[in-house]
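First the structure, in the form of structure tokens, and then the observations on it.
Bear in mind that the values in this text are calculations on the coordinates, not laboratory data. Because the structure is a prediction, the values reported are computed rather than measured. Positions of Cβ are generated from backbone atoms using ideal geometry, with glycine treated the same way; all protein chains shown enter the neighbour counts.
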Amino acid sequence: MIDRMEKEVDMLVRHLRILRIVITSEPIGIVKISNETGYEHHKVRYSLRVLEEESLIEPTSQGATTTDQTSGFVEELDTKTSGISEQLDGMRLENTDESVQ
């Protein structure tokens with residue numbers, strides 16, 4: 001279960017890193033993103049597809065660009081990740097409390 005969670009977090013980090021590159025370098029294509037990140041083309045392509053499905057980017061003939069929804073997502077990201085981090089910290093504390101008893 002933990003391995004699966006770790007893989008999901010790694011994938012999310014990749015998606016967000018690619019989104020950050022699109023934001024700063026739009027329009028940008030798969031090859032350039034791959035060169036900048038070191039991610040394989042198929043992983044970049046998958047992340048771009050996920051970001052497109054979330055309406056955070058859109059494909060153009062020049063490469064991926066942001067959408068009207070991107071800035072709102074970025075603004076909410078810190079709040080949401082802080083909440084998730086607190087939940088994970090709570091899990092850690094629960095494990096500590098249980099092991100003490």
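Below, the figures for the structure above:
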{"item": "Residue selected from region 43-75 under the condition exposed (fewer than 10 other Cβ atoms within 10 Å of the Cβ) and under 16 Å from the mean Cα position of the chain (by Cα), by the criterion farthest from Ile23 (Cα to Cα)", "result": "Glu53"}
{"item": "Residue in region 86-101 that is within 17 Å of the chain's Cα centre (by Cα) and either of a type in the set (Asp, Glu) or in a helix (DSSP H, G or I) (or both) present", "result": "no"}
{"item": "Output for region 30-42, where each listed residue is assigned to a helix (DSSP H, G or I) and exposed (fewer than 13 other Cβ atoms within 10 Å of the Cβ)", "result": "Val31, Asn35, His41, His42"}
{"item": "Residue list for region 58-72, filter: touching a residue at least 24 places away in the same chain (Cβ under 8 Å) and in a helix (DSSP H, G or I)", "result": "Thr70"}
{"item": "Check on Val44, in contact (Cβ under 8 Å) with a residue 12 or more places away in the chain, within 26 Å of Glu75 (Cβ to Cβ) and among the β-branched types (Val, Ile, Thr)", "result": "yes"}
{"item": "Those residues of region 11-29 which are surrounded by 13 or more Cβ atoms within 10 Å (Cβ to Cβ) and under 16 Å from the mean Cα position of the chain (by Cα), in sequence order", "result": "Met11, Leu12, Arg14, His15, Leu16, Arg17, Ile18, Leu19, Ile21, Val22, Ile23"}
{"item": "From the options Ser47, Ser55, residue that is in a helix (DSSP H, G or I) and small (Gly, Ala, Ser)", "result": "Ser47"}
{"item": "Among residues of region 1-29, those that are free of Cβ contacts under 8 Å to residues at least 24 places away in the same chain and β-branched (Val, Ile, Thr), counted", "result": "5"}
{"item": "Residues of region 13-41 that turn out to be farther than 18 Å from Gly72 by Cα and out of contact with any Gly (no Cβ under 7 Å at 6 or more places or on another chain), as a count", "result": "15"}
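Yes/no matrix, rows are residues, columns are (1) out of contact with any strand residue (DSSP E or B) (no Cβ under 6 Å at 6 or more places or on another chain); (2) not basic (Lys, Arg):
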site	(1), (2)
Met5	yes, yes
Asp10	yes, yes
Arg14	yes, no
Val22	no, yes
Glu26	no, yes
Ile30	yes, yes
Thr37	yes, yes
Arg45	yes, no
